[in-house]
Amino acid sequence: MTDHSAAPKKLFIKTYGCQMNVYDSQRMAEAMGSEGYVLTENQAEADMVLLNTCHIREKAAEKLYSDLGRLKPLKAERPDLKIGVAGCVAQAEGEEIQRRMPLVDLVVGPQAYHRLPAMVRAGGGVDTEFPTEDKFEHLPKAAATRRAPAAFLTVQEGCDKFCAFCVVPYTRGAEVSRPASRILSEARDLVSRGVREITLLGQNVNGWHGEAPQGGEWGFGRLIRAIAEIDGLDRIRYTTSHPNDMADDLIDAHRDEPKLMPYLHLPVQSGSNRILKAMNRKHTVAEYLRLIERIREARPDILLTSDFIVGFPGETDQDHADTLDLVRRVGFGTAFSFKYSPRPGTPAYDRPLIDDAVADARLQELQALLSAQQKAAQESMVGRELSVLFEKPGRLEGQMVGKSDYLHAVFVAAPQARVGDLVRVRITHSAPNSLAGELLAA
Ligand code: SF4
């Protein structure tokens, strides 16, 4: 039995990487709450430090080992401090982590978080299995406290696409969709605790196809329609999508469902058919552009964002020019672009790299174009009336900051407003990474 009579123990979680990891960290914090742990922002006072790692960025394992190295003095001072490693690097490295860093008490892969409390009780261990049960069902729910007005909800995990550069199919495993009834009950629970906006998460979120509440199977568009029926929920978003999973029903939901926000992150990675093939993306440039056209027919004001990898092995000047051309043709609201770096265990790992200086120059050129498009997209909001969901107070007295329908941060003078208010705002000004607006009468 857990001793809840003692003073709460403190848990410090450092989260690297994507929104899935942010969500997982929240759920692990809730699970550890049932073991008497409360979150702290101060690592020095923690009884347990959990590093929730990400394998997407370059040198993820090296970064973990150097972070662990920095924890050595704290562990030497307080040997009872528990140190855990979670996430995709935990999955990929497994027991190697404890072999190289004996100060680590436990290593838990992304599919085994529900076993974290038991591991802590047992004093540690390594668990990187892919169990068949739904880990989220086995994670204790948080006490019924109020939540921030915007929350994440994982509906799908893993990936079967095997893009040549990506570790996700190896670290997160095959695609698994949670049943609709569990997602709906978690969404209702979030709304009952003050959440007004839910972002559905998955590595291939739009590939979700799960058991319907009354039996049979639903696709992702149908799931969104069911979630939209929840009273008190105002906004739905989802990320991250694969172009090949943009089913007709989902595109229709963008046309018909007002709660589905006009924002879509749809990674394309390259604008060259040759490179798309080498990346094993399984679609062409023309198919992507046609898809964008159909999405814009359904929802003309949709703001599109994307991911790009620059300098993939074999990329020529012409391939790069094709990527710039695609960017010009689509016009993105924002996009993430990275220089290619090989990940161990992926099909592209051993392919010869292109010249580093050339890759750097191409990245700069692409980023300059994308920044110009981002600026133009933001400036096009000036003068428009948008809804803004206030998420926190701004830096100035009486100021609030929230997100617009298009996910831009908007600062508004609103002394009477509270976090969680959904208000109408006229956009007055565009700054580099945010907008300013004035409150309109309700
Ligand atoms: S679709 Fe490709 S990039 Fe996305 S998670 Fe799957 S393998 Fe990785």
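For the chain, the relative contact order comes to 9 percent (Cα pairs under 8 Å, sequence separation of at least 6).
Ranked from largest to smallest solvent-accessible area, with a 1.4 Å probe on the protein heavy atoms, Ser34, Ser380 come out as Ser380, Ser34. Candidates Pro432, Gly84, Val268 compared by Cα position along the dipole of the chain: farthest toward the positive end lies Pro432, with charges placed on Cβ.
Full-extension gain between Glu293 and Arg424, please, as 0.36 nm times their residue separation minus the C-alpha to C-alpha distance.
Details: separation 131, 0.36 × 131 = 47.16 nm, distance 2.92 nm.
Answer, rounded to one decimal: 44.2 nm.
Calculated FRET efficiency, Asp256 to Glu41, Cβ-Cβ distance, R0 = 51 Å: about 0.75 to the nearest 0.05.
A Cβ-based charge dipole, computed about the Cα centre of the chain with Lys and Arg at +1 and Asp and Glu at -1, lands at about 620 debye. A Förster radius of 22 Å combined with the Cβ-Cβ distance from Val22 to Asp160 puts the calculated FRET efficiency at roughly 0.40. Would you work out which of Tyr349, Ile198, Ala253 lies farthest towards the positive end of the dipole of the range 137-379? Charges go on Cβ: Lys and Arg +1, Asp and Glu -1. About the Cα centre, the residue reaching furthest to the positive side is Ile198. Ordering Asp355, Asp325 by accessible surface, largest first, gives Asp355, Asp325; the 1.4 Å probe counts only protein heavy atoms, with every chain in place.
Note on Trp208: accessible area is roughly 0 Å² with a 1.4 Å probe, heavy atoms of protein only. In the assembled protein chains, Glu96 presents an accessible area of approximately 60 Å² (probe radius 1.4 Å). Counted by Cβ distance under 11 Å from Asp47, the other residues give a net charge of +1, where Lys and Arg count +1 and Asp and Glu count -1. Once all protein chains are placed together, Glu30 keeps about 30 Å² accessible to a 1.4 angstrom probe. Estimated from helical segments only, the mean residue ellipticity of the chain at 222 nm is -10000 deg cm²/dmol, where each DSSP H run of four or more residues counts as -39500 (n - 2.57).
When +1 charges are put on Lys and Arg Cβ atoms and -1 charges on Asp and Glu Cβ atoms, the dipole computed for the range 137-379 relative to its Cα centre reaches about 500 debye. This model, with +1 at the C-beta of Lys and Arg and -1 at the C-beta of Asp and Glu, gives the range 151-269 a dipole about its Cα centre of some 340 debye.
Packing, as the average of other Cβ atoms within 10 Å across residues, places the peptides 16-23, 429-436, 110-117 in the order 110-117, 16-23, 429-436, highest first.
Counting only lysines at least 8 places from Lys75 when in the same chain, those with an alpha carbon closer than 29 Å to its own are Lys9, Lys10, Lys14, Lys59, Lys63.
The values are calculated or read from the model by the stated rules, or taken from the named source; none is laboratory data. All of these numbers come straight from a predicted model, not from anything done at the bench. Glycine gets a Cβ as well: all are built from the backbone with ideal geometry, and neighbour counts include every protein chain shown. Note: accessible area is taken over every heavy atom of the protein model, side chains too, but ligands, DNA and RNA are not part of it. Shrake-Rupley method; radii C 1.70, N 1.55, O 1.52, S 1.80 Å.
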